[in-house]
Amino acid sequence: MSTFLTFLITGLTTAAIYAVGASGLVLTYTTTGVFNFAHGAVGMFGAFLYWQLRFDWGWPAPIALAIVLLVMAPLFGVFLEVAIMRNLEGTSEAVRLVVSISLLAALVGAANWIWDPTQNRFTASFFEGKGFDFFGTRVTWHEAATVLIAIAVAIGLRFVLYNLRAGVAMRATVDDRPLAALNGARSDRSAMLAWAIGCSLAALSGILFLGTLALDAGTLSLLIVNAYAAAMIGRLRSLPMTFLGALIIGLAEAFWQIYRNDLSQHFHVFTSTYLDTFASAIAVIILFVVLWLLPNPRLRGHSRVREFFPTPSLRGSLVFVGIVIAGAAFISAWTTQSHQIDLANVFALGIIALSLVPLTGFAGQVSLASLSFAGIGAVTMAHLGGGGDPLGLLWAALICAGIGALVAIPALRLSGIYLALATAAFAVMLDRWIFNLPNFRVFGWFNVKLFEQGSVAVTRLKVFGLDTSSPRAQVVLGAVAFSLIALFVVALRRSRFGRRLLAMKDSEAACATLGMNLVGTKVAVFALSAAIAGVGGALYGGVQQSVNAQMFSFINGLPIFMLAVVGGIGAIGGAFFAGISLALLTTILPDVVPSLSHLLLITPGLIGISLGRNPSGAVSQIREGFAPMRQSKVALGFLAASLTAIVVLRSTNTIANWPTFFAALVVLVASVPIGEMFAHKAPAEVAEEPGAGAGAEIPLEWVGITRPFTDEDVRQMDAALGISEVEMYGAARS
Amino acid sequence: MAQLEVEDVIVRFGGHVAVDDVSVRADAGRITGLIGPNGAGKTTLFNVITGLLTPNAGRVKLDDRDITKLPPYKRARRGIARTFQRLELFSVLTVRENIAVAAETRRSWAHDGAHKASSIDAIIERIGLQDCADERVDSLPTGQARLVELGRSLASRPSVLLLDEPASGQTESETQRFADLLRELSHEGMTVLVVEHDMQLVMSVCDTICVLDFGRIIATGTPEEIRTNDAVLAAYLGTKKVGA
């Protein structure tokens, strides 16, 4: 009985914290329509701030609490609303998603910057661990207070939303912002209020975790995934259901601990070691199941997203991969071994980003689990690609495709944030549970080997007897692999299947009424994407030579998704952009300019937050910028000649690496104005034409714009429209 | 033989009854019009027929077989195709590609060469969009976009064609061409069910007209009968006696 009570109290306390966190999330979602993936990160930041004031600087707890909960967190909420969230109105769900995920990444980066993650931090629960006796079980005041706080939050929110003018205005704002404004509601103000309260609640939940949990930016930020599950049980709308959800999850986690032993006495399966870390995955599994059980949504009609990704031409793509391979071969010849590894990383990460192009770019399905599939690929390569056997790569693709298809099935009916959450749940489940398992057997015969609770070695590939174990060979291998997969993706885009994916993205309803089985199409694209990510992961493992679970964590996967979206998720160039910028930000730049390393931690987040202006991505802008160069033979000739000269100079050791780099940069930039100069004549000729044709017949709709309106025009229009003078001047009125 | 039958269908959205015990029949080789003021439940009925919406009660039958439980794609494979009032084109694809997606989809259940380039060209010619066949559809004016939707549904070689306000956004000459095309299709034996606000078009092409108001059928008959039906006049003009 007393164990039962102990775990009941633990469960209730955890549930209370989840409830506080989840209610903040529901509040901001229902009042502003933005699902804040960074809610947990805000809570994490609040917890760190509190630690700073309370434990590092030794301030009294009430003052520290007041400053964090009543000043800092609400101010941060207002800042979020004014600086970021307000601009998101009218943008697509995908952009909102990327922005809030970026915020999550930026906050984690900032916390790791300010508070060195390698340092251990002392924390303590409130009331110095004192407690009281409750039917023979010890309850700490901290636990009691936590439960009371959750109850107070529930009552308080109910009061604010239904009894205060500001709360009613908040609820009106969600339904229709302009309409609420017309009726006198200050929608900006109520959104600010919602964000202020939401952030404060997030911080409160973060602080309540102190004392029971280590102060770690990633862990604390992701604890909120458990709160997401609670919020999902409340369908992101109902606060009472959210509290019930929190209760279910908190208790399920607590009771798993006691009943697992009891169960294992009766059922052998529960003794298996692979259930050891299961507890931490319970909430995520509940989240997955809840998403699965959501009522069948109506088939999505026309998407309002206006990204523009032109159909890639085969020739252009061949030129692109040719430059990539030649560039990789050339640059890798003159760099140190450690930079060669960085360069090889660009391609491996680029392949993982490529996996998102068919899935998210073509088919419009968001996945936050691509790095998790890469992890599966890397493990597969480690265990089945012994001695650099290329068959390991094949197995990585096949196993990932299989698992990808399995994940797709429950995710099929979901879209937007629900799909993002489901894939996040899958990634976090791998993260917390599966990837940390020791070797185990399934059904007694099938041996599953993962990271063996540490790191496993990956042998670099031997392809057709070619040894790629040198870093430079890794660069070339990566470039070739990236290019082949990129060409495959381009071919896919131009194929029947590619058209089908784009059609599905535009209108699922239309596809279904044309007889398309959306299930098959979605499963196929999920499997394909997972397979590409798996191959990328296997190659990434080869570059690193040793892989561990941490490298493929959910948090580490977020920048790949963000940067691929920022680069342009619908094009292979976008994936390359993601690979380059990720390698630049995480390894190359910190190496070259060490003082920047902390700033670089938060850069991907900042880049992502600034998205929303150009949903087609950076690469399309770059392409546009270089358009005059590509259209001018003179500029292309200049570019080719200068680059050849630079290559020769570098090869003969006449110039060193940095001058080479800058010379290439200058040549590239200079080619654009040169192109413009020589391409100038053609547009000028075209531009003259409308002026010359002013006297001639012009289309009716241009009359009044390109030349003044005449009586003759009116007569012509009347004749064309069949309107008589009587009708026009309203004889019927009299 | 009656091709498409809707029997006693009821659809509720919360407390609002959008379609209230409606039965409609559309026969092969005939054009059936479905008219009524905005919000009468016409598009909702189309969604029920194509399976995008599950009715609260009632049945949908195709050639005497109950298809109420079938998902949308299986109904399409039985020969039901439709266009949408709010265009649902594949906006980033060209006219030809839009039609090709439909034709290629047909390959997964029928092998009759519908996906061949010549078949696709024939459809493009039929809807008269040869000149802009390789343009992206989001650059087309609404009238032409509606033709693309029609072409796309024809590519799946349907036996029943549902058209949701096909003439809105079309110019008068386009509507004229469209009317001819509809007559042609119906002569070929297709069952055509059309929702339309353009009375001139409805009256000139339809063999039978059903009038919906507030989710109920208030009249069924030939264009001539509908033109003089009191209930219809009341629904459209708001008063009982309108003075002929």
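Run the accessible area of the protein assembly as shown with a 1.4 Å probe and give the carbon-and-sulfur part as a rounded percent.
Working: 27330 of 43810 Å².
Within the protein assembly as shown, the accessible surface is 62 percent carbon and sulfur.
Given R₀ = 35 Å, what would the calculated FRET efficiency be for A:Trp59 paired with A:Ser455, taking r from the Cβ atoms and rounding to 0.05?
Once rounded, the FRET efficiency stands at 0.25.
If you take the accessible area of B alone, add that of A alone, and subtract the area of the pair, what total do you get in Å², probe 1.4 Å, to the nearest 100?
Details: alone 11670 and 34590 Å², together 43810 Å².
What B and A bury together is about 2400 Å².
Near B:Val22, within a Cβ-to-Cβ distance under 12 Å, what is the net charge of the other residues, with Lys and Arg +1 and Asp and Glu -1?
Values: positive: B:Arg25, B:Lys42, B:Arg59, B:Arg216; negative: B:Glu5, B:Glu7, B:Asp8, B:Asp20, B:Asp21, B:Asp213.
It works out to a net charge of -2.
Just the projected area, averaged over all directions, of the convex hull on the alpha carbon atoms of the protein assembly as shown: how many nm²? Before the final figure, lay out the partial values.
On the way: hull surface 199.2 nm².
The number I arrive at for the protein assembly as shown is 49.8 nm².
Estimate the FRET efficiency between B:Glu224 and B:His187 by the formula 1/(1 + (r/R0)^6), using the beta-carbon distance for r and 22 Å for R0, to the nearest 0.05. Intermediate results must be reported in sequence, preceding the final value.
Details: r = 21 Å, r/R0 = 0.95.
Efficiency at R0 = 22 Å is approximately 0.55.
What value, in deg cm²/dmol to 500, does the helix sum -39500 (n - 2.57) over DSSP H runs of n ≥ 4 give at 222 nm once divided by the residues of chain A? Please report the intermediate quantities before stating the final value.
Values: 32 runs with 488 residues, N = 734.
Result for chain A: -22000 deg cm²/dmol, rounded to the nearest 500.
Which shape class, rounded, prolate or oblate, goes with the stretch A:539-614 when its Cα gyration tensor gives a ≥ b ≥ c as root eigenvalues, a/c under 1.5 marks rounded, and past that a/b bigger than b/c marks prolate?
Note, shape of the stretch A:539-614 comes out oblate.
Between B:Ala145, B:Ala57, B:Ala179, which gets the highest mean-square fluctuation from a Gaussian network model of chain B, Cα cutoff 10 Å?
The residue with the greatest mean-square fluctuation here is B:Ala57.
Once Rh for the stretch A:193-243 is found with the Kirkwood sum over Cα pairs, what is the Stokes-Einstein diffusion coefficient at 20 °C and 1.002 mPa s, in µm²/s?
Stokes-Einstein gives a translational diffusion coefficient of 180 µm²/s.
Any chance you could get the radius of gyration and Dmax over the Cα atoms of the stretch A:1-133, in Å?
Final numbers for Rg and Dmax: 17.6, 55 Å.
Starting from the amide H of B:Met190, placed 1.01 Å from N in the peptide plane, find each other amide H under 5 Å away whose residue is 5 or more places distant or on another chain.
Under 5 Å from the amide H of B:Met190: B:Gly29.
Taking 0.36 nm per residue of sequence separation and subtracting the Cα-Cα distance, how much length would be gained by fully extending the chain between B:Arg126 and B:Lys74, in nm to one decimal? Walk me through the numbers before you get to the answer.
Values: separation 52, 0.36 × 52 = 18.72 nm, distance 2.66 nm.
Full extension from B:Arg126 to B:Lys74 adds 16.1 nm.
Near A:Thr468, within a Cβ-to-Cβ distance under 12 Å, what is the net charge of the other residues, with Lys and Arg +1 and Asp and Glu -1? List each step's numbers first, then the result.
Numbers: positive: A:Arg460, A:Lys462, A:Arg472; negative: A:Asp467.
Neighbourhood net charge equals +2.
How much length would be gained if the chain were fully extended between A:Ser595 and A:Ala641, taking 0.36 nm per residue of separation minus their Cα-Cα distance, in nm to one decimal? Present the calculation step by step, with values, prior to reporting the outcome.
On the way: separation 46, 0.36 × 46 = 16.56 nm, distance 3.71 nm.
That works out to 12.9 nm of additional length.
P(r) of the stretch B:86-157 in 10 Å steps, Cα pairs, percent per bin?
Taking every Cα pair in the stretch B:86-157, the percentages come to 23, 57, 18, 1.
Take the stretch A:14-247, compute every pairwise Cα distance, and split them into 5 Å bins from 0; I just need the percent in each bin.
1, 7, 14, 19, 20, 16, 11, 6, 3, 2, 1, 0
Report the paramagnetic label zone for A:Arg496: residues of the stretch B:110-133 whose backbone N is under 20 Å from a point 7 Å from Cα along the Cα-to-Cβ axis.
Zone members listed by number: B:110-124.
Take every Cα-Cα distance within the stretch A:324-620, group them into 5 Å bins from 0 onward, and report for each bin the whole-number percent of pairs it holds.
Spelled out bin by bin, the stretch A:324-620 gives 1, 6, 12, 17, 19, 17, 13, 8, 4, 2, 0, 0 percent.
In terms of modelled amide H atoms, which long-range or inter-chain residues lie less than 5 Å from the amide H of A:Arg121?
The answer is A:Leu215.
At 7 Å along Cα-to-Cβ for each site, give me the label-to-label distance between A:Arg158 and A:Trp334 in nm.
Label at A:Arg158, label at A:Trp334, 7.2 nm between them.
Skipping prolines and chain starts, which residues have an amide H placed within reach, meaning under 5 Å, of the one on B:Asp213, given they are 5 or more residues away or on another chain?
B:Ile218
Considering the Cα trace of the stretch B:71-212, what is its radius of gyration and what is Dmax, both in angstroms?
14.4, 41
So how far apart, in nm, are the two label points at A:Val519 and A:Leu668 if each is 7 Å from Cα heading toward Cβ?
With each label point 7 Å from Cα toward Cβ, the separation is 4.8 nm.
What is the gain in length, in nm to one decimal, between A:Phe488 and A:Thr277 on full extension, counting 0.36 nm per residue of separation less the C-alpha to C-alpha distance?
Working: separation 211, 0.36 × 211 = 75.96 nm, distance 3.91 nm.
Result for the pair: 72.0 nm of gain on full extension.
Quick one: of A:Lys522/B:Lys74; A:Lys505/B:Lys116; B:Lys69/B:Lys116; B:Lys42/B:Lys69, which pairs are farther than 26 Å apart, Cα to Cα? Provide the component values of the computation, followed by the final result.
On the way: A:Lys522/B:Lys74 17 Å; A:Lys505/B:Lys116 24 Å; B:Lys69/B:Lys116 32 Å; B:Lys42/B:Lys69 20 Å.
Result: B:Lys69/B:Lys116 exceed 26 Å.
Give me the aspartates and glutamates in straight-line cross-link reach of A:Lys633: C-alpha distance below 20 Å, same-chain residues under 8 apart excluded.
Partners found: A:Glu624, A:Glu676, A:Glu685.
Which whole-Hz couplings ³J(HN,Hα) result when phi for each residue of the stretch A:153-169 is put into the Karplus expression 6.51 cos²θ - 1.76 cosθ + 1.60, θ = phi - 60°, listed in order with x for Gly and Pro?
Along the stretch A:153-169, the couplings run 4, 4, 5, x, 5, 4, 5, 4, 6, 10, 10, 8, 4, 4, x, 4, 4 Hz.
Which distance in nm do the two modelled labels at B:Glu135 and B:Ser168 give, with both placed 7 Å along the Cα-to-Cβ direction?
Distance between the two pseudo-spin positions: 2.3 nm.
The values are calculated or read from the model by the stated rules, or taken from the named source; none is laboratory data. These numbers come from a predicted model, not from an experiment. Glycine gets a Cβ as well: all are built from the backbone with ideal geometry, and neighbour counts include every protein chain shown. Heads up: the accessible areas ignore ligands, DNA and RNA and are worked out on the full protein's heavy atoms, side chains in. Shrake-Rupley method; radii C 1.70, N 1.55, O 1.52, S 1.80 Å.
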